[in-house]
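Data first, discussion second: the structure below is written as structure tokens.
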Protein chains: 2
Amino acid sequence: MDDRKQKVLLAIIQDYVATAEPVGSRTIAKKYKLGVSPATIRNEMADLEDQGFIEQPHASAGRIPSERGYRYYVDYLMIKQELTRKEEDMIRREYETKVKEIGQVIQMTSQLLSQLTCYTAMVLTPRLGSSNFKHIQLVSMHPTQAMIIVVMDNGVVHNRMTEMPEGISASDMETLSRVLNAKLQGATIEDIKRTLLKEIYSELGKHRRILDMAMELIQDSLALRTGDKIYLGGVFNMLNQPEFHDVEKIKTMLSIMEQEKLLCDLLAGESREEGVTVRIGNEIKQRSIRDYSVVAAPYVLGGRKAGSVGVLGPTRMEYAKVIGVVDFMTRNLSQVLERMIQGRGK
Amino acid sequence: MDDRKQKVLLAIIQDYVATAEPVGSRTIAKKYKLGVSPATIRNEMADLEDQGFIEQPHASAGRIPSERGYRYYVDYLMIKQELTRKEEDMIRREYETKVKEIGQVIQMTSQLLSQLTCYTAMVLTPRLGSSNFKHIQLVSMHPTQAMIIVVMDNGVVHNRMTEMPEGISASDMETLSRVLNAKLQGATIEDIKRTLLKEIYSELGKHRRILDMAMELIQDSLALRTGDKIYLGGVFNMLNQPEFHDVEKIKTMLSIMEQEKLLCDLLAGESREEGVTVRIGNEIKQRSIRDYSVVAAPYVLGGRKAGSVGVLGPTRMEYAKVIGVVDFMTRNLSQVLERMIQGRGK
DNA sequence: TGTTAGCACTCTATGTTGTTGAGTGCTAAT
DNA sequence: ATTAGCACTCAACAACATAGAGTGCTAACA
């Protein structure tokens, strides 16, 4: 692959990414002054086509990059595009002013990602590590109603209403809370299941009914692990891409977006322990998405992969830009989350 | 408006709602055996057009109902379609098995609504009435981190992490919680602002830093009123309606769906204190939605309107069905929420 | 007087055909 | 190795023709 061929391929990709129209030899000669005539470029293009880097939609049209072409571009030709000063400032500002809890962080991230790229953003909720029991609190609401609140040590809070037998006063509940807290301090789910449960029951047996509810909630909390949820951003945004001029395309795209499970697999599966991963067209394992490309990367929490973010768009994607954005956003997201959970050390 | 004219209008509406194609006189004569010839029906149709109940898209096409036609249908011709036994059972089962907290109820409702109607569902989150302070709890997390949890008397829970000065033990926090709870019991926001604040500060002055945070959260909680949020369901669902064969239509529709505020106004504004409201086309005040119809109704909590649900679809809508569904769902939703908040009295 | 058959007319949707222009591949000259 | 020239291909577009659905009107009919 000599130098000029690379230049031609680069030109084709850049032009096609920008215009979504097949690129002809004349266009390249004019716009990307390589100092040679269209005829020469035609020869190079014929070669590139033989090697599978570009293809012709039909006989008398220009060329478009093939998946292999994009792959070559991403691996060898592309220069990652860093965010501008302005963009970085904007992002930091958004996080600082508008975000107060973990759900908002995730949502904001997906919004920013799609806004910066014009494609669809996906963010997987973080698995918040350890998740052991921290605190339980029973609060009397109505005469016959109580709320059970469970706090996990990663900062997740669960709560549930429950019916309560008559004749339990608010101070009874306070006592119950205190005893339970003392017993359960720092316990893992195994501890609770194996040993503590019996101990507690024998001690507080008369409040069996409430205990049952409390235990159920604690177990749910421990089991739930903030069940992998995926946030999408800018699905609608992407419809402005010319690949969606056709109603059928829109529908199939939207039906993919509806399949949460598929998208979770996509994100969880594609991104490795570290760094940005790019999957182009058929490189994606999920069959139904083979017309698109994904740029994904994990974000970390306490040094370990906690979740992933990704951008989904047509194979004709601004890879340089998207990769830059995804890279920045994952690092930023890690920081923001870390600060939020560990405390915003001044 | 004589009897036969009504029958013709009814036939036109039913057929057009079913097929989305302009209806001709032949079709009516054949399918809706009125016992007269197409020519007679043509005469009736000419009259109906003069009166503004139907219109012709172009000279040699059949007729389609006008907004006035739909209005007449909804007011005088239509027979509300109750849900089938099967559907009702399905709904009840879904709520019972899958729904454990208030957010899920709302989401499930919008899902079911859109599923049953094939249009887009909108559900406004409930305003949970009073919303006074019920309980506060400080929980020590890390050595320098604490969580503040505030419970409101309508069952809403807010929580926030905060930094904590060194040298405050877990039992200090327990004490703090207890004193605060005692002081604040059942207080409204005014109480807190006017009198209690000073009292508490003078008593617990040395923990000023924590108090500030706690008070901030309480005030936020009182102010937030679970800020009117809207849940949409089945936006994509609706794309299968033939009115969306055109890309532009899809885009404008989706851009409407993105404007949360607009939709909130729509729902909050259109539905009165009680019962199902139907707004057809231009009857909708919001300009940008004038091509659609809305069927909305409020749901109640403790005897007062707490929120609204609605269905948004093309003017060519199955009003009979949709009205039945909306009616049933609001009543059911009221019940489910009531039970959830007041306690699931057996 | 209300109903109906018949018919001319209208207009969209669909298909056909011709034309244009962008772009190629090949060849021969440089 | 590069390039000008040229014949060729094919999608896109426009112009035109055709078919058919549906109407409104008129005149005949019960």
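The values are calculated or read from the model by the stated rules, or taken from the named source; none is laboratory data. Because the structure is a prediction, the values reported are computed rather than measured. Positions of Cβ are backbone-derived with ideal geometry, glycine not excepted, and every protein chain shown enters the neighbour counts. Note: accessible area is taken over every heavy atom of the protein model, side chains too, but ligands, DNA and RNA are not part of it. Shrake-Rupley method; radii C 1.70, N 1.55, O 1.52, S 1.80 Å.
If we scan region A:267-274, do we find a residue that is open to solvent by 20 Å² or more (accessible area, probe 1.4 Å), modelled with pLDDT under 90 and of a type in the set (A, V, I, L, M)? Taking every residue of region A:267-274 in turn, at least one turns out to be open to solvent by 20 Å² or more (accessible area, probe 1.4 Å), modelled with pLDDT under 90 and of a type in the set (A, V, I, L, M). Could you please let me know if A:Arg42 is within 13 Å of DNA strand C (Cβ to nearest atom), out of contact with any Ser or Thr (no Cβ under 9 Å at 6 or more places or on another chain), over 22 Å from A:Pro242 (Cα atoms) and more than 14 Å from chain B (Cβ to nearest Cβ)? Answer is no for this residue.
Of the set (1) over 30 Å from A:Ser169 (Cβ atoms); (2) modelled with pLDDT under 95, all apply to A:Gln115 but (2).
Only one of the numbered conditions (1) farther than 15 Å from A:Val139 by Cα; (2) within 12 Å of chain A (Cβ to nearest Cβ); (3) of a type outside the set (S, T, N, Q) is violated by B:Ile168, and that is (2).
With respect to (1) within 13 Å of DNA strand C (Cβ to nearest atom); (2) more than 17 Å from A:Arg316 (Cβ to Cβ), the lone exception for A:Ile64 is condition (2). Taking the stated definitions as given, is A:Leu124 at pLDDT 75 or above and either closer than 19 Å to B:Ile341 by Cβ or surrounded by 15 or more Cβ atoms within 10 Å (Cβ to Cβ) (or both)? Considered against the rule, which asks whether it is at pLDDT 75 or above and either closer than 19 Å to B:Ile341 by Cβ or surrounded by 15 or more Cβ atoms within 10 Å (Cβ to Cβ) (or both), A:Leu124 comes out as yes. Residues that are touching a residue at least 60 places away in the same chain (Cβ under 8 Å) and touching a Ser or Thr at 6+ places or on another chain (Cβ under 8 Å) within region B:238-270 comprise B:Met238, B:Met257, B:Leu267, B:Ala268, listed in sequence order.
Could we say that A:Ile136 is out of contact with any Gly (no Cβ under 8 Å at 6 or more places or on another chain) and without any contact (Cβ under 8 Å) to a residue 40 or more places away in the chain here? Here the answer is no, as A:Ile136 does not meet what is asked. Say we look at region B:49-63 and pick out the residues that are within 10 Å of DNA strand D (Cβ to nearest atom) and surrounded by 22 or more Cβ atoms within 10 Å (Cβ to Cβ); which of these is farthest from the other protein chains (Cβ to nearest Cβ)? Checking each candidate, the answer is B:Ile54.
For region B:197-210, a residue qualifies if it is modelled with pLDDT of 75 or more and not hydroxyl-bearing (Ser, Thr, Tyr), and the qualifying residues are B:Lys198, B:Glu199, B:Ile200. Picking from residues in region B:17-32 that are within 11 Å of DNA strand D (Cβ to nearest atom) and part of a helix (DSSP H, G or I), the one that is most open to solvent (accessible area, probe 1.4 Å) is B:Arg26. Within the set B:Gln14, B:Gln6, the sole residue that is within 15 Å of DNA strand C (Cβ to nearest atom), surrounded by 15 or more Cβ atoms within 10 Å (Cβ to Cβ) and either at positive phi or polar (S, T, N, Q) (or both) turns out to be B:Gln6.
Looking at B:Lys80, B:Lys33, just one residue is away from DNA strand C (no atom under 16 Å from the Cβ) and basic (Lys, Arg), and that residue is B:Lys80.
State whether the residues of region A:38-48 include one that is touching a Gly at 6+ places or on another chain (Cβ under 6 Å) and of a type outside the set (Gly, Ala, Ser). Looking for residues that are touching a Gly at 6+ places or on another chain (Cβ under 6 Å) and of a type outside the set (Gly, Ala, Ser), one finds none in region A:38-48, hence no. Report yes if some residue within region A:160-174 is closer than 17 Å to B:Met147 by Cα and without any contact (Cβ under 8 Å) to a residue 60 or more places away in the chain; otherwise report no. Scanning region A:160-174, I find no residue that is closer than 17 Å to B:Met147 by Cα and without any contact (Cβ under 8 Å) to a residue 60 or more places away in the chain, so the answer is no.
Results for (1) closer than 20 Å to B:Asn282 by Cβ; (2) outside the structural domain of B:Val235 (by TED's automatic domain parsing); (3) out of contact with any strand residue (DSSP E or B) (no Cβ under 7 Å at 6 or more places or on another chain), shown as yes or no for each residue.
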site: B:Arg63; (1), (2), (3): yes, yes, no
site: B:Glu67; (1), (2), (3): yes, yes, no
site: B:Tyr72; (1), (2), (3): yes, yes, yes
site: B:Gln107; (1), (2), (3): no, no, no
site: B:Ser114; (1), (2), (3): no, no, no
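Inside region A:229-239, residues that are within 17 Å of B:Val235 (Cβ to Cβ) and either within 9 Å of another protein chain (Cβ to nearest Cβ) or of a type outside the set (A, V, I, L, M, F, W, C) (or both) make up a count of 7.
Of all residues in region A:296-327, those satisfying the criterion of being touching a residue at least 24 places away in the same chain (Cβ under 8 Å) and among the small types (Gly, Ala, Ser) are A:Ala296, A:Ala297, A:Gly302, A:Ala306, A:Gly307, A:Ser308, A:Gly310, A:Gly313, A:Ala320, A:Gly324. If you go through region B:10-28 and keep only what is under 17 Å from B:Asp75 (Cα atoms) and either in contact (Cβ under 8 Å) with a residue 40 or more places away in the chain or among the acidic types (Asp, Glu) (or both), you end up with B:Leu10, B:Ile12, B:Ile13, B:Val17. A Cβ distance below 6 Å, combined with a sequence gap of six or more or placement on separate chains, defines the contacts here; from region A:47-62, residues that are within 20 Å of A:Asp75 (Cα to Cα) reach residues that are more than 10 Å from DNA strand C (Cβ to nearest atom) and open to solvent by 70 Å² or more (accessible area, probe 1.4 Å) in the pairs A:Gly52/A:Arg68; A:Phe53/A:Arg68.
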